[in-house]
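This report refers to the structure that appears directly beneath it.
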Amino acid sequence: MFNIVTVQKPADQALRQDGLSLLLPAGFTTSLKLQTPQWTQDWDGLADSWNRLPPDAHLKDGGHYRRRRHACFVQELASGALEQVAHRAHWQPTDYNALHGGFERWFDPVEPAVAQAPAWLELLASLGQLFARVKPVPRWYIEAHQFRIDTTEGVGRPTPEGAHRDGVDFVVVLLVARRGVKGGETRVFDAHGPDGVRFLMQEPLTALLLDDERVIHETTPIFPADGQDRQGGVRDTLVLTYRADGFQAP
């Protein structure tokens, strides 16, 4: 089922056929029809906001390796409107997240200047339009998560819950930065069979698009790169989820 050849297919075709699409930096903006070079310049200006993420206070494994912010949006496909909605808790059922599911997790909101930046809004809208070509729906309920995983404690876990689905329609994992680390292999498996693929996301603007109903995914722990001080190792991502049936709630 899975083949890295997916990177050579149009993203919507790859999602229909394989349940995933891997966008490489060279084709990222073209695939999503983003307005380059202005979009790239504007996006680079947002990357510094990952340096201001507060700690994740809800880690149940006792670790202190994750920082994050969270925001929610609704996209109306017919009109093209994309609006941020009132800040809300992030909630998942235990069926999808056995470690952190079943309770409301309140995270600090994405900074207003980031959440309303043209490059941020254009990215969310372009992905929503792409997913609507795969699954036509009237609107998307979008959750955005800024993550920083660090190696300050010697190890950082991008997915402490293990291989999982998110209970949504589509998931995006966009690499924003990776510095001073080794590990962090991305693994995607058929949710209903033995097939899978594994690879390393290393360059900023590498993006993994997933059909959450068809695949499960995880990222292995990161460690300080050989010869690197563990204080400086980070892996920054933007994770976006698109769901047609409203935000998940208790």
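The values are calculated or read from the model by the stated rules, or taken from the named source; none is laboratory data. Remember, predicted model here, so these are calculated numbers, not experimental data. Please note: Cβ atoms are built from the backbone with ideal geometry, for glycine as well, and neighbour counts cover all protein chains shown. The protein model used for the area step is the full one, side chains on, heavy atoms only, and it has no ligands, DNA or RNA in it. Shrake-Rupley method; radii C 1.70, N 1.55, O 1.52, S 1.80 Å.
Normalised by the number of residues in the chain, what is the relative contact order in percent for Cα pairs under 8 Å and 6+ residues apart?
26
Work out from phi, with θ = phi - 60° and the Karplus expression 6.51 cos²θ - 1.76 cosθ + 1.60, the ³J(HN,Hα) of each residue of region 195-209, listed in order in whole Hz, and give x for Gly and Pro.
Those phi angles translate into 6, x, 8, 9, 6, 10, 8, 10, 9, x, 6, 8, 10, 10, 10 Hz.
Along the charge dipole of the chain, which of Gln202, Trp106, Ser31 sits closest to the positive end, that is, farthest toward it, with unit charges on the beta carbon of Lys, Arg, Asp and Glu (+1, +1, -1, -1)?
So the residue we want is Gln202.
In whole percent, how big is the carbon plus sulfur part of the accessible area of the chain, probe 1.4 Å, protein atoms only?
Answer for the chain: carbon and sulfur cover 49 percent of the accessible area.
With every protein chain left in place, what is the accessible area per residue of region 139-223 in square angstrom, probe 1.4 Å?
For region 139-223, the per-residue accessible area is 34 Å².
Specify the inter-centroid distance of region 106-127 and region 206-241, based on alpha-carbon positions, in whole Å.
If you average the Cα positions of each part, the centres end up 20 Å apart.
Given a 1.4 angstrom probe, what's the average accessible area per residue across region 49-136, in square angstrom?
Spelled out: the 1.4 Å probe surface of region 49-136, per residue, equals 46 Å².
Can you compute the charge dipole magnitude of region 64-176 about its Cα centre, using +1 on each Lys and Arg Cβ and -1 on each Asp and Glu Cβ, nothing else charged? Give it in debye, rounded to the nearest 20.
120
As an exercise, use a Förster radius of 35 Å and the Cβ-Cβ distance of Glu83 and Asp226 to find the FRET efficiency, rounded to the nearest 0.05.
E(calc), rounded to 0.05, equals 0.15.
Mind checking the dipole of region 192-250: about its Cα centre, +1 per Lys or Arg Cβ, -1 per Asp or Glu Cβ, Debye to the nearest 20?
With only Lys, Arg, Asp and Glu charged at Cβ, the dipole is about 100 debye.
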